[in-house]
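To keep things clear, I will list the structure first and then write my remarks on it.
The values are calculated or read from the model by the stated rules, or taken from the named source; none is laboratory data. As the structure is a prediction and not an experimental result, all values here were calculated from the model. With ideal geometry, Cβ positions are generated from the backbone for all residues, glycine too; neighbour counts draw on all protein chains shown.
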Amino acid sequence: MAPIISPTERDTLQGLLNNAQQIIITAHQNPDGDAVGSTTALQQVLRRLGKEATIVMPNDFPDFLRWIPGANEIVRCNKQADEAAALLAKADLVFCLDYNAPHRTGDEMGTALTTSEAKMVMVDHHLDPADFCAVTVSHPEMCSTCEVLLHLMNAMGWSEGLTHDEATSLYVGMMTDTGAFTYASSRPEVYECISQLLRCHIDKDKIYRNVFWTGTEGRYRIMGYLLYVKMELLHRHHASLITLTNQEYRQFKLKNGDTEGFVNIPLEIDGINLSVFLREDTEVKGKIRVSTRSVDDIPCNEMCAEFFNGGGHKNAAGGSLMCTLEEAADIARKAIAKYGK
Ligand code: 5GP
Ligand code: MN
């Protein structure tokens, strides 16, 4: 494996850390398992190294991640706006985890980051990292930011004394970003990392159940409804399109994170290689959130950049549109006609 960080960057990072007084750790909007896992892991590691750090996220994370050690301390801009703004304003070192550009944290936090005087450190695995950090540790070949972080910790000497809770957080990100090791996880290093985490006595089977087997009734009711009533299969293009309205969201009494992972399900159908999931944003009126998944060489990230103001990884990407759900579905059909095969 190529070195995770050059010797010069290693010294720069250690220097930044030694001098920092007010550290915050941030992640992208609509934080997922990798975002919560990597930020909570880093917070615990920094504490172990004698540094205090606060995690600030743009908005809520799904309920099935609440049990993660340290998750209950996360400051959310949408809920604790004043506290988050004050933390961002006085920070002198900001860790940017699981995102490659300030705008991925949303308008409010994105602006705060862009205008901040703080030094930034990126730890991420998305393609095309923007140039806004003093140290950029970006490895798109890796399965998750948690994997990047563990290699970084090893290189920095921070994983000596890796704790059970740190290892648990890191495992969550690796597990969720790979669909429990069903995609983006064929590199041997992934399993070397897992071995390292298992040596800290994490209970990987329990972590799986905590994340994947704690769904609400509404999640399974609407899963049935979406697959039976709403899923549109565009067989000619080997693709699937599912839409979800806010009215349906309320009707099924859904909670944050209840539709997580639905976009993956149509890929289980023989002959379907591309899946698009559109949902009305529950907070911003007129905004449609787009999630896409594909297999093999269908580039979801290019499709999202071209049609949905977004990007991401080759087989898992997203974006958003400002229009009605019907208009978004029409755009999605055009995108599918171009990219589906
Ligand atoms: P999800 O479908 O789980 O929301 O997102 C899948 C992946 O797509 C994320 O890991 C992220 O890399 C990428 N992604 C989602 N939304 C956006 C977006 O608006 N812009 C960019 N550049 N990438 C996105
Ligand atoms: Mn990630």
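Some notes on this structure:
- Strands (runs of 3 or more DSSP E) (entirely within segment 272-340) containing at least 1 residues that are touching a Pro at 6+ places or on another chain (Cβ under 6 Å) and of a type in the set (Phe, Trp, Tyr): none
- Looking across segment 181-207 at every residue that is assigned to a loop (DSSP other than H, G, I, E, B) and among the aromatic types (Phe, Trp, Tyr), the one that is farthest from LEU127 (Cα to Cα) is identified as PHE181.
- Here THR145 passes the criteria (1) within 15 Å of CYS96 (Cα to Cα); (2) surrounded by fewer than 23 Cβ atoms within 10 Å (Cβ to Cβ); (3) within 16 Å of ligand 1 (Cβ to nearest atom) except the one numbered (2).
- Residue in segment 217-229 that is surrounded by 14 or more Cβ atoms within 10 Å (Cβ to Cβ) and in a loop (DSSP other than H, G, I, E, B) present: no
- Of all the listed residues (ARG293, ARG279), the sole one being more than 23 Å from ALA130 (Cβ to Cβ) and near ligand 1 (Cβ under 8 Å from one of its atoms) is ARG293.
- In segment 289-304, the residues that are closer than 18 Å to THR243 by Cα form Cβ pairs under 9 Å with partners that are acidic (Asp, Glu) and more than 15 Å from ligand 2 (Cβ to nearest atom), at six or more places apart or across chains, as follows: ARG289/GLU280; ARG289/ASP281.
- Near pairs, Cβ below 8 angstrom, 6+ apart or cross-chain, from segment 77-103 (buried (at least 20 other Cβ atoms within 10 Å of the Cβ)) to any residue that is of a type in the set (Lys, Arg): ALA84/ARG76; LEU93/LYS119; VAL94/LYS119
- Close pairs from segment 106-131: first closer than 18 Å to ALA20 by Cα and in contact (Cβ under 8 Å) with a residue 24 or more places away in the chain, partner more than 14 Å from ligand 1 (Cβ to nearest atom) and small (Gly, Ala, Ser), Cβ under 7 Å, at least 6 apart: SER116/ALA91; ALA118/ALA91; LYS119/ALA134; MET120/ALA134; VAL121/ALA134
- Taking the criterion of being closer than 27 Å to GLU83 by Cβ, surrounded by fewer than 21 Cβ atoms within 10 Å (Cβ to Cβ) and of a type in the set (A, V, I, L, M), the residues of segment 119-134 that qualify are MET120, ALA130, ALA134.
- Hits in segment 8-33 (condition: over 13 Å from ALA71 (Cβ atoms) and within 16 Å of ligand 2 (Cβ to nearest atom)): THR26, HIS28, GLN29, ASN30
- When GLU260, GLU248 are screened for being of a type in the set (Asp, Glu) and either more than 18 Å from the chain's Cα centre (by Cα) or part of a strand (DSSP E or B) (or both), only GLU248 passes.
- Meets criteria (within 16 Å of ligand 2 (Cβ to nearest atom), modelled with pLDDT of 95 or more and under 30 Å from GLY218 (Cβ atoms)) for MET109: no
- Cβ pairs under 9 Å, 6+ apart, first in segment 312-338 and in contact (Cβ under 8 Å) with a residue 24 or more places away in the chain, second among the basic types (Lys, Arg) and within 16 Å of ligand 2 (Cβ to nearest atom): ASN315/ARG293; ALA316/ARG293; ALA317/ARG293
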